[in-house]
Amino acid sequence: MLGVAGIAGVAALGALATRAKAGPIDPPVGPVGSTGKTISEAVPRTPLSAANTPGDSTAVYVITQTGSYYLTGNVTSPSGKAAVRIEASNVTLDLNGFEILGAGTGIVVPFASPATAITVRNGTLRGGGGVGLSGVRLVRVEDLTIAGTPFAGVAVGDDSVVRRVISDGNGTTGALSSYHGISAGARSLISDCMCRSNPGAGISASDGSVVSGCTVSSNGSGGISVGTDGVIAHCTSLNNTATGIYGNSGSVIESCVAGANTGGGISAASGATIRACTARANAGVGITVSESGLIEDSTSTLNSGATSHGIVTGGGSTISRCTSNQNGGSGIVANTSGSGTTPGTVIERCNVRLNTSYGILAGGGCVIRDNNLVSNATVVGTASMRVMGTGCRIEGNQVVHSAFNGFGIQVNTSGCVVVRNSCRGHTFNYSIDTNNVYGSVYNGTVASTGMSGNGTSISTFSADPWANVAF
């Protein structure tokens, strides 16, 4: 049974029903017309055609008005002609999945054009030219494949974006170093691209640019480079001629791999940071920063030349928590031209193993502490660690060799401090010149028996907390 409230609710619903009015159930007289917009009205775009974008003696199509344009089929550009010349700003060109091919010059703007804000996307350029917008700011190039063109793949100006582009085997007219896979002006962003077998660099970007998530290989003039204050992150650079990855002053190179390049692996100018990177099997130095840089958490291994050191820095740098193994030169070379009055390099907590020449070779003003050096130096008369400049501190390092006719820690200069190190397996575990400060060298005797327990209350090892150990 309904209570009073239920009866009141039913009555209210009934009152609403009596006031509601339905629309007519019969359609109006005459044909039914559209009440919406056409596709062209909803997304206003203009197809490239002889009527809409007529060409001239230098281009198949010429865009002279701001707007959005698209291809309706493949375009062939003959020799001496561009496929599309753009003379206006704020233009979007959608290749719509089609190809631009032939012997012409692809998509271009006139020389010294004031045009800006051009977008090219979604298609293939093959056999003809690439995207030649090097003088244009605010360009966006995305979702293109550019292969086998006579010139560069993509060239854009400052403040541009290039993403999801494949640039493969371009520059077929000649191996010119300016024919890069992708080149961009200052403050540009290049991401998720692949560049292979271009005669110039794979990717070249100017100051303040960011290159991320890209793969480059087998290019003729290096792999990836950025200008001052640029960033290269999560990239791979393999089998390129010259340096795999390069950053100018103040750059950051992070989480990258450089392998089997004919020059160095990863190189940067002053004030740069290289972090969490790997350089492997390059013909030159694995990882290098000229001065005042930071190299941390990185690995350099199997770099093959006689001077292919694992890690090299100039003065004022820091090398921290790095691994340098099996390189053709030395493991770590730091500030070798520096004296005690110039900024040295800090080398700390690194693992340096099986390098052909020195494990660590350092100049003046360096701090070398808490490193592990194992079986470096195969040349008789050299050293696992050599310090050749004044004002250094060598502390807490473990230097081990199986049986080496040479030196463990060699300090052939003056004004250094050598404390709390341990050396084993060298003919001369320590060689320290005069006018240095060093903890006493304790010749540890190997115990004939082992032990188990908490030890004795009085140390029989050494009363000198700064002592160095040879064993």
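From the set of residues in the stretch 281-295 that are of a type in the set (S, T, N, Q) and closer than 15 Å to Pro343 by Cβ, which is nearest to the chain's Cα centre (by Cα)? This residue is Ser290.
Identify all residues within the stretch 212-233 that are more than 19 Å from Ser167 (Cα to Cα) and in a loop (DSSP other than H, G, I, E, B); write none if there are none. Selection gives Gly227, Thr228, Asp229, Gly230. Selection of the stretch 152-176 for residues being surrounded by fewer than 24 Cβ atoms within 10 Å (Cβ to Cβ) and at pLDDT below 95 yields Gly169, Thr172, Thr173, Gly174, Ala175, Leu176. In the set Asn52, Asn90, only one residue is modelled with pLDDT of 95 or more, at negative phi and of a type in the set (S, T, N, Q); that residue is Asn52. Here Gly396 passes the criteria (1) among the small types (Gly, Ala, Ser); (2) at pLDDT below 95; (3) surrounded by fewer than 24 Cβ atoms within 10 Å (Cβ to Cβ) except the one numbered (2).
Just one residue in the set Val211, Val165 is within 15 Å of the chain's Cα centre (by Cα) and over 28 Å from Gly328 (Cα atoms); that residue is Val211. Restricting attention to the stretch 189-196, does a residue exist that is at pLDDT below 95, over 20 Å from Leu95 (Cα atoms), more than 15 Å from the chain's Cα centre (by Cα) and surrounded by fewer than 24 Cβ atoms within 10 Å (Cβ to Cβ)? No, that holds for no residue.
The residues in the stretch 211-221 that are touching a Gly at 6+ places or on another chain (Cβ under 7 Å) and either under 19 Å from Val136 (Cβ atoms) or surrounded by 23 or more Cβ atoms within 10 Å (Cβ to Cβ) (or both) can be counted, and the count is 2. Residues of the stretch 121-134 that are hydrophobic (A, V, I, L, M, F, W, C) and either assigned to a loop (DSSP other than H, G, I, E, B) or under 25 Å from the mean Cα position of the chain (by Cα) (or both): Val131, Leu133. What are the residues in the stretch 266-325 that are touching a Gly at 6+ places or on another chain (Cβ under 8 Å), among the hydrophobic types (A, V, I, L, M, F, W, C) and farther than 15 Å from Cys350 by Cβ, if any? Scanning the stretch 266-325 gives Ile266, Ala268, Ala269, Ala272, Ala281, Ala283, Val285, Ala306. If you check Gly123 against the conditions, is it of a type outside the set (A, V, I, L, M, F, W, C), modelled with pLDDT under 90 and surrounded by 18 or more Cβ atoms within 10 Å (Cβ to Cβ)? Spelling it out, it is not the case that Gly123 is of a type outside the set (A, V, I, L, M, F, W, C), modelled with pLDDT under 90 and surrounded by 18 or more Cβ atoms within 10 Å (Cβ to Cβ).
Could you tell me whether any residue of the stretch 50-69 is out of contact with any helix residue (DSSP H, G or I) (no Cβ under 8 Å at 6 or more places or on another chain), crowded, with 18+ Cβ neighbours inside 10 Å and of a type in the set (Phe, Trp, Tyr)? Looking for residues that are out of contact with any helix residue (DSSP H, G or I) (no Cβ under 8 Å at 6 or more places or on another chain), crowded, with 18+ Cβ neighbours inside 10 Å and of a type in the set (Phe, Trp, Tyr), one finds at least one in the stretch 50-69, hence yes.
Please determine whether any residue of the stretch 135-155 is on the phi > 0 side of the Ramachandran plot, in a loop (DSSP other than H, G, I, E, B) and touching a residue at least 24 places away in the same chain (Cβ under 8 Å). Checked against the condition, which is being on the phi > 0 side of the Ramachandran plot, in a loop (DSSP other than H, G, I, E, B) and touching a residue at least 24 places away in the same chain (Cβ under 8 Å), the stretch 135-155 yields at least one hit. Checked against (1) in contact with a Ser or Thr (Cβ under 8 Å, 6 or more places away or on another chain); (2) over 17 Å from Arg349 (Cα atoms), Gln398 passes all but condition (2).
A quick yes/no check of all residues on (1) modelled with pLDDT under 90; (2) in a strand (DSSP E or B); (3) not polar (S, T, N, Q):
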| site | (1), (2), (3) |
| --- | --- |
| Ala11 | yes, no, yes |
| Gly14 | yes, no, yes |
| Pro28 | yes, no, yes |
| Thr76 | no, yes, no |
| Val84 | no, yes, yes |
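Put simply, of Gly305, Gly315, Gly271 the only residue that is at pLDDT below 95 and touching an Asp or Glu at 6+ places or on another chain (Cβ under 9 Å) is Gly315.
Is one or more of the residues making up the stretch 199-211 within 19 Å of Ala242 (Cα to Cα), assigned to a loop (DSSP other than H, G, I, E, B), of a type in the set (A, V, I, L, M, F, W, C) and modelled with pLDDT of 95 or more? Yes.
Scanning the stretch 438-471 for residues that are β-branched (Val, Ile, Thr) and either at pLDDT 95 or above or surrounded by 14 or more Cβ atoms within 10 Å (Cβ to Cβ) (or both), we see that the one that is nearest to Asn372 (Cα to Cα) is Val469. In a residue-by-residue description of the stretch 425-435, the property of being crowded, with 21+ Cβ neighbours inside 10 Å, of a type outside the set (A, V, I, L, M, F, W, C) and at pLDDT below 95 applies to at least one position.
The values are calculated or read from the model by the stated rules, or taken from the named source; none is laboratory data. Because the structure is a prediction, the values reported are computed rather than measured. As a convention, Cβ positions derive from the backbone with ideal geometry for all residues, glycine included, and neighbour counts pool all protein chains shown.
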